[in-house]
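Shown next, in structure tokens, is the structure this report addresses.
The values are calculated or read from the model by the stated rules, or taken from the named source; none is laboratory data. Owing to the predicted nature of the structure, the values given are computational and were not obtained by experimental measurement. Every residue, glycine among them, receives a Cβ derived from its backbone with ideal geometry; neighbour counts consider all protein chains shown. Calculation scope for accessible area: heavy atoms of the full protein, side chains included, ligands and nucleic acids excluded. Shrake-Rupley method; radii C 1.70, N 1.55, O 1.52, S 1.80 Å.
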Amino acid sequence: MKDTEGYETLAYLTDHIGKRLSGSDSLLKALSWGEETMKKAGFQNVSIQEAKVPHWVRGQEEASIVAPFSKPLHMLGLGMSVGTPTEGITAPVIFIPDLAALANTPEDQIKGKIVVFNPGWHGYGLGSIHRTTGPSRAAAKGAVAVLVRSATGLAMQTPHTGTLTYLPDMPKVPAAAITVEDALLLERLAKEGPVQVHLKMEAHMEADQKAGNVVGEIPGSEHPEQVVVLGGHIDSWDVGQGAMDDGGGIISCFEAVNLIHKLGLKPKRTIRVVFWVNEENGGAGGRAYRDALGDKVKNHVAAIESDGGVERPVGIGYTVMGGGPASGSAARRQAGASANPAAAMAAMAAMGGGAQRALDESKLTPEEKKSWDTIKQIASLLQPIGADSASPAGGGSDIGPIVAAGVPSLSPRTVGEHYFDWHHTEADTLDKVDPEDFRKNIALLGVLSYVLADMDGQLVGHTSAAPVE
Ligand SMILES: [Zn+2]
């Protein structure tokens, strides 16, 4: 808790390298810096594990109401969106609250129009499927473009970007996020009478780019072949600084292991830190990591991902039993792509915005019970920093592919008070990271990874979590 180097490292990444979308020069700069930082810290086997990433370019973009009056809209195009024709698209608006309402709206009411979604805020799962699959579903019914309310509970006239996922065999239309305020304005205007919107986006794809995962480790003293892996994603959106998402995640993992190393602690198993690439718009890094392991994936005794922001930690999440998807965007993407939009919405609502599933311990197998008790014991070590709770769901989308192969899935859990206020916006900057909370995250990750790497016995894993698409 006395460490200040972790925050200084994060400050360098955010202030001097900044945002780092897949395909950008700043991502490449971040990868070299990450490799150099691990080497300087004295980590072993430091390398960049190659992964090809998509290269989406935002370009210039704008949207405005043109009737019944003229007014610019606050917007950010969605990642992976196609652009508009050079002259833009001007079309009447139809307001549709959510995917269930879309399914019930006849095609002739949607054809030729710009669909505006505002499902309200009922957690990130429900909000984000309107962003990921809403554009395709609306296009399938004849929409020419889609505007979606930003996936956030905070109205501060700030648009939140994020990826969309074009569904196979459906037309691709341009899509953008608008602010909560503008979505509500369009909803009110559409109730009064005809509304027209103009949308212009230069968004396009360029050739895939060579990038990779930054990997480094401290080798185990007795079982170097057995690995506890921890990390997050080094890429970010092309807005803000990627401080909470996910600079804080990767640097807290790095610093945790850096401290273990500096303290001269030598755990029996290897502790490996990975800065995965391309979580935001593809998941190429998580897949490349899994593919490179082959059969050796069975030597991974635990995978810890920090990708929920570095607010004050409250404890450890561990997916202790099968039956439900782990949290994370991969699971969300998979459920969101389901053929039945109503079912997808229900699945998302059940996942909630970080809501915890209740655990019925009587349903655990003896093996699961033992693992769960181990996690509770490890969590109890974190009582001095108030992070001693254990919760039955933990994971992340970068570790999705190895978790799908049976590796135990964990993540730190935080209070999660403001993460989705800043997520994927210009406001995701270093100042949002509280240094004291950040140190607590480092402490949690240090204790958790060290104990998992040094203890007798192993946790059980579950193969039920959704793999990255
Ligand atoms: Zn993230």
Notebook entry, point to check: In Å, the Kirkwood hydrodynamic radius of the chain over pairs of distinct alpha carbons?
Noted result: 22.4
Check: For the chain, what does -39500 (n - 2.57) per DSSP helix run (n ≥ 4), summed and divided by total residues, give at 222 nm, in deg cm²/dmol to the nearest 500?
Finding: -9000 deg cm²/dmol
Next item on the list: Choose one of THR84, ALA175, ILE129: the residue whose Cα lies farthest towards the positive end of the charge dipole of region 61-202 (beta-carbon charges +1 Lys, Arg; -1 Asp, Glu; about the Cα centre).
Entry: ILE129
Note to self: With a 1.4 Å probe and all protein chains kept in place, how do GLU181, GLU206 rank by accessible area, largest first?
What the structure shows: GLU206, GLU181
Check: Which percent, to the nearest 5, of DSSP beta bridges fully inside region 61-202 are antiparallel?
Finding: 55
Check: By how many nm would the segment from ASP291 to GLU436 lengthen if fully extended, with 0.36 nm per residue of separation less the alpha-carbon distance?
Finding: 48.5 nm
Margin query: So for the chain, averaging the separation of alpha carbon pairs under 8 Å that are six or more residues apart and normalising by length, what relative contact order in percent results?
Written below: 21
Notebook entry, point to check: How much length, in nm to one decimal, is gained on full extension between GLU8 and ASP25, taken as 0.36 nm per residue of separation minus their Cα-Cα distance?
Noted result: 3.9 nm
Next item on the list: Answer rounded, prolate or oblate for region 61-202, using the Cα gyration tensor with square roots of eigenvalues a ≥ b ≥ c: rounded when a/c is under 1.5, else prolate when a/b is larger than b/c, else oblate.
Entry: rounded
Check: Within a Cβ distance under 14 Å of HIS74, other residues only, what is the Lys/Arg minus Asp/Glu net charge?
Finding: -3
Next item on the list: Show me 141-150, 54-63, 425-434 ranked by packing, highest mean number of other Cβ atoms within 10 Å first.
Entry: 141-150, 425-434, 54-63
Next item on the list: Return the carbon/sulfur percentage of the accessible area of the chain, one whole number, probe 1.4 Å, all protein chains in place.
Entry: 52
Next item on the list: Take every DSSP beta bridge whose two residues both sit in the chain, then give the antiparallel share in percent to the nearest 5.
Entry: 55
Notebook entry, point to check: In degrees from 0 to 90, rounded to the nearest 10, what is the angle of the helix 248-262 Cα long axis to the longest principal axis of the chain?
Noted result: 10
Item checked: In range of the label at LEU265: residues from region 183-224 whose backbone nitrogen is under 12 Å from the point 7 Å along Cα→Cβ -> none
Notebook entry, point to check: Tell me which aspartates and glutamates have Cα within less than 16 Å of LYS298's Cα, excluding those fewer than 8 residues away on the same chain?
Noted result: GLU225
Next item on the list: Starting from the Cα-Cα distance between ASP15 and LYS210, subtract it from 0.36 nm times their residue separation and give me the gain in nm to one decimal.
Entry: 67.8 nm
Next item on the list: Over the chain, give the accessible area per residue in Å² for a 1.4 Å probe, as an integer.
Entry: 38
Checklist line | Degrees, to the nearest 10: 25-40 long Cα axis against longest axis of the chain | finding: 10
Item checked: Within-11-Å neighbourhood charge of ASP454 [Cβ basis; K, R +1; D, E -1] -> +1
Checklist line | Mean Cβ count within 10 Å, highest first, over the residues of peptides 188-197, 27-36 | finding: 27-36, 188-197
Next item on the list: For the chain, find the longest principal axis of its Cα atoms and tell me its angle to the long axis of helix 284-293, 0 to 90°, nearest 10.
Entry: 30
